[in-house]
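Student: Let me give you the structure first, and then I'll get to my questions.
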Amino acid sequence: MIVSTFAEDGPTECSGLPVQRYSAEGIHDEFGSPFEMLGHEKEAHKKPNGTEQKFVYCYCRRLAS
């Protein structure tokens, strides 16, 4: 699976609403031991107004039962 969310150094709000920010390890912790993290990447997305929002992507695989 691929999951993306605001990075731990990303914005605290989006469209005026508070957001939850995660590290790669924090995302993996949400899904737990049935999943193995294969990798992760961070991205600084540039918005049309010139500001950036930082995201983190995690690539995980479900382990055999």
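A short reminder: the numbers here are calculations on the coordinates, not readings from a lab. Keep in mind that what you see is a predicted model, and the values were worked out from it rather than measured. In this analysis, Cβ positions are derived from the backbone assuming ideal geometry, glycine residues included, and neighbour counts consider all displayed protein chains.
Student: Given the conditions (1) under 30 Å from Ser65 (Cα atoms); (2) in a strand (DSSP E or B), which single one is not true for Phe6?
Tutor: It fails just one condition, (1).
Student: Could you list, in sequence order, the residues of segment 17-65 that are closer than 16 Å to Phe6 by Cα and of a type in the set (Phe, Trp, Tyr)?
Tutor: First, the residues of segment 17-65 that are closer than 16 Å to Phe6 by Cα: 17-30, 40-47, 51-59.
Tyr22, Phe55, Tyr57, Tyr59, listed by residue number.
Student: Would you check if there is a residue in segment 23-33 being free of Cβ contacts under 8 Å to residues at least 60 places away in the same chain and in a strand (DSSP E or B)?
Tutor: The first filter runs over segment 23-33 and keeps only residues free of Cβ contacts under 8 Å to residues at least 60 places away in the same chain, leaving 23-33.
Going one step further and asking which of them are in a strand (DSSP E or B), we end up with none.
No, every residue in segment 23-33 fails to be free of Cβ contacts under 8 Å to residues at least 60 places away in the same chain and in a strand (DSSP E or B).
Student: If I ask for residues that are touching a Lys or Arg at 6+ places or on another chain (Cβ under 9 Å), in contact (Cβ under 8 Å) with a residue 12 or more places away in the chain, assigned to a strand (DSSP E or B) and of a type outside the set (Val, Ile, Thr), which ones from segment 34-65 would you list?
Tutor: Our first condition is that a residue be touching a Lys or Arg at 6+ places or on another chain (Cβ under 9 Å); within segment 34-65, this holds for 34-38, 42-45, 52-57.
This time we only want the ones that are in contact (Cβ under 8 Å) with a residue 12 or more places away in the chain, so: 34-38, 42-43, 53-57.
Remaining after also requiring assigned to a strand (DSSP E or B): 35-38, 42-43, 53-57.
Once the filter is applied, which keeps residues that are touching a Lys or Arg at 6+ places or on another chain (Cβ under 9 Å), in contact (Cβ under 8 Å) with a residue 12 or more places away in the chain, assigned to a strand (DSSP E or B) and of a type outside the set (Val, Ile, Thr), segment 34-65 yields Phe35, Glu36, Met37, Leu38, Lys42, Glu43, Gln53, Lys54, Phe55, Tyr57.
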